[in-house]
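Undergrad: This structure is in structure tokens; I'll ask about it shortly.
The values are calculated or read from the model by the stated rules, or taken from the named source; none is laboratory data. From a predicted model like this one, the values you see are computed outputs, not experimental measurements. Neighbour counts run over all protein chains shown; Cβ positions are idealised from the backbone, glycine included.
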Amino acid sequence: MNNEKGREFIERLKAEIGKVTVGMDDVIELLAVAMLSGGHVTLEGIPGVAKTTVAKAFAGAIGLAFSRIQLTPDLMPADVIGSVFYDQKEMEFTVRKGPIFANIVLADEINRATPKTQSALLEAMQERQVTIEGATFPLPLPFLTIATMNPVETEGVYNLPEAQLDRFMMKVQVGYLDKTNELLLLRRKEKGEFKTVERMMDHNEVLLLMKTVREIKASEAILNYIYAILARTRSDERVLLGASPRASEQLLFSSKSLAFLRGREYVIPDDIKELAVYVLSHRILIKAEDEINGFKSVELVKEILDDLEVPK
């Protein structure tokens with residue numbers, strides 16, 4: 001295995017997406033981790049922080065089919081997955097595939113959709129297939145859902161059910177740029193320096209990278225470390241619902257992807273520690289009385305990482 005392939009890929013990807021964004025390297029890397037691991041991502045942040053821009057640029061740079069679904073309360077499941085209609089010209093029923101049939105699907109403002117429409121995404125995200133009028137259709141591979149959420153709006157939004165949240169490998173906070181990057185953004189805008197993102201690879205090359213990631217090794221000590229972290233989320237007296245077995249699986253897979261992007265053929269504890277907050281915090285329910293007192297699941301994960309002995 002060429003252990004420089006992952007490092008070269010992520011540097012090229014950051015440079016290409018950097019043609020249209022500023023200060024998004026961490027987000028780009030996490031999107032790459034999710035894609036290579038076969039996971040999905042939620043980007044949470046206020047309007048105007050380039051969530052949509054980075055998602056579109058990501059798809060364009062790696063040469064995958066992109067689709068955007070603007071989720072609203074009146075959107076129906078058929079508007080997402082597709083429907084059957086009668087073609088009068090051909091005199092037969094025909095399937096009209098919905099926007100879910102793409103490699104990268106941007107579900108914009110996912111919490112604005114009703115639970116019924118949100119549930120239409122569950123089969124797609126978990127099984128990589130959809131069912132239309134009793135017939136099952138596979139989705140193109142790779143398949144990555146990038147959902148955006150606005151954390152400050154409460155009118156006309158719906159809470160994502162736990163089953164839906166658990167389908168997302170990671171939840172990433174996209175915040176304001178720091179002073180240096182925001183001034184850089186303004187200078188580049190003023191000079192018209194932003195360029196069009198060019199495709200740097202094709203669909204088959206992406207699948208080959210995903211296959212390479214699966215060959216990254218994780219020792220028994222790493223597996224025990226992952227289990228110890230997850231077990232602590234389930235036994236803490238402040239927790240109503242700990243992280244699921246799916247969470248441990250996705251922490252392992254995402255850590256393999258990060259190791260690959262860092263130029264290694266094996267997972268180290270630092271990979272686990274770097275990704276744990278993103279992979280676990282949205283899957284943990286804190287008891288109401290502790291949440292009222294300001295305790296958050298992110299703090300719990302950080303506490304666990306600080307407290308547990310790191311394997312050698």
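Undergrad: Based on this model, can you work out whether K19 counts as basic (K, R), modelled with pLDDT under 95 and more than 19 Å from the chain's Cα centre (by Cα)?
TA: It is true that K19 is basic (K, R), modelled with pLDDT under 95 and more than 19 Å from the chain's Cα centre (by Cα).
Undergrad: Restricting to the range 1-54, name every residue that is among the charged types (D, E, K, R), closer than 22 Å to T196 by Cβ and not in a helix (DSSP H, G or I).
TA: Once the filter is applied, which keeps residues that are among the charged types (D, E, K, R), closer than 22 Å to T196 by Cβ and not in a helix (DSSP H, G or I), the range 1-54 yields only K19.
Undergrad: Assuming L185 fulfils every condition listed in (1) part of a helix (DSSP H, G or I); (2) of a type in the set (A, V, I, L, M, F, W, C); (3) surrounded by 13 or more Cβ atoms within 10 Å (Cβ to Cβ); (4) not assigned by TED's automatic domain parsing to the domain that holds G39 apart from one, which condition is it?
TA: For L185, the failing item is (4).
Undergrad: Oh, and also: Kindly indicate which of I268, I292, I272 is modelled with pLDDT under 95 and β-branched (V, I, T).
TA: I292
Undergrad: Given the criterion without any contact (Cβ under 8 Å) to a residue 60 or more places away in the chain and polar (S, T, N, Q), identify the matching residue among T52, T21.
TA: The match here is T21.
Undergrad: Ok, one more. Can you tell me which of (1) in the same structural domain as M24 (by TED's automatic domain parsing); (2) over 30 Å from V20 (Cα atoms) is the one A243 doesn't meet?
TA: Result: A243 fails condition (1) only.
Undergrad: Okay, moving on. Restricting to the range 36-51, name every residue that is over 18 Å from S281 (Cβ atoms) and either β-branched (V, I, T) or at pLDDT below 95 (or both).
TA: Across the range 36-51, the qualifying residues are G38, I46, P47, G48, V49, A50, K51.
Undergrad: Next question, about the same structure. With respect to P151, is the statement that it is touching a residue at least 60 places away in the same chain (Cβ under 8 Å), in a loop (DSSP other than H, G, I, E, B) and surrounded by 15 or more Cβ atoms within 10 Å (Cβ to Cβ) true?
TA: no
Undergrad: Go through the range 240-266 and report how many residues are of a type outside the set (A, V, I, L, M), in contact (Cβ under 8 Å) with a residue 60 or more places away in the chain and not in a loop (DSSP other than H, G, I, E, B).
TA: Going through the range 240-266 one residue at a time, the tally reaches 7.
Undergrad: Among what's in the range 278-295 and is part of a helix (DSSP H, G or I) and small (G, A, S), pick the residue that is surrounded by the fewest Cβ atoms within 10 Å (Cβ to Cβ).
TA: Step one: list which residues in the range 278-295 are part of a helix (DSSP H, G or I), which gives 278-283, 288-292.
Checking the rest, the ones that are also small (G, A, S) come to 281, 288.
On the way: S281: 20, A288: 9.
Result: A288.
Undergrad: Scan the range 80-132 for residues that are out of contact with any Leu (no Cβ under 9 Å at 6 or more places or on another chain) and acidic (D, E) and report the count.
TA: The total comes to 4.
Undergrad: Would you mind telling me which numbered condition in (1) among the aliphatic types (A, V, I, L, M); (2) closer than 23 Å to L141 by Cα; (3) free of Cβ contacts under 8 Å to residues at least 60 places away in the same chain A65 fails?
TA: Unmet for A65, out of (1) among the aliphatic types (A, V, I, L, M); (2) closer than 23 Å to L141 by Cα; (3) free of Cβ contacts under 8 Å to residues at least 60 places away in the same chain: (3).
Undergrad: Could you tell me which of the residues I100, I146 is in a loop (DSSP other than H, G, I, E, B) and crowded, with 21+ Cβ neighbours inside 10 Å?
TA: The conditions single out I100.
Undergrad: Further question on the same structure: If you check E11 against the conditions, is it over 28 Å from H282 (Cα atoms), acidic (D, E) and not assigned by TED's automatic domain parsing to the domain that holds L258?
TA: yes
Undergrad: Restricting to the range 112-141, count the residues that are within 15 Å of the chain's Cα centre (by Cα) and crowded, with 20+ Cβ neighbours inside 10 Å.
TA: Summing the residues that are within 15 Å of the chain's Cα centre (by Cα) and crowded, with 20+ Cβ neighbours inside 10 Å in the range 112-141 gives 3.
Undergrad: Do you know which residues across the range 55-82 are farther than 30 Å from F9 by Cβ, of a type in the set (A, V, I, L, M) and surrounded by 19 or more Cβ atoms within 10 Å (Cβ to Cβ)?
TA: Going residue by residue through the range 55-82, those that are farther than 30 Å from F9 by Cβ are 70-82.
With the extra rule that they be of a type in the set (A, V, I, L, M), the set shrinks to 71, 75-76, 78, 80-81.
The answer is L71, V80, I81.
Undergrad: Report yes if L300 is in contact (Cβ under 8 Å) with a residue 40 or more places away in the chain, outside the structural domain of D166 (by TED's automatic domain parsing) and touching a strand residue (DSSP E or B) at 6+ places or on another chain (Cβ under 8 Å), otherwise no.
TA: yes
Undergrad: Within the range 155-169, can one find any residue that is of a type in the set (S, T, Y), assigned by TED's automatic domain parsing to the domain that holds F85 and out of contact with any Ser or Thr (no Cβ under 7 Å at 6 or more places or on another chain)? I'd like the intermediate steps shown before the answer.
TA: Restricting attention to the range 155-169, the residues satisfying the condition of being of a type in the set (S, T, Y) are 158.
Adding the requirement that they be assigned by TED's automatic domain parsing to the domain that holds F85 leaves 158.
Subset that is out of contact with any Ser or Thr (no Cβ under 7 Å at 6 or more places or on another chain): none.
Checked against the condition, which is being of a type in the set (S, T, Y), assigned by TED's automatic domain parsing to the domain that holds F85 and out of contact with any Ser or Thr (no Cβ under 7 Å at 6 or more places or on another chain), the range 155-169 yields no hits at all.
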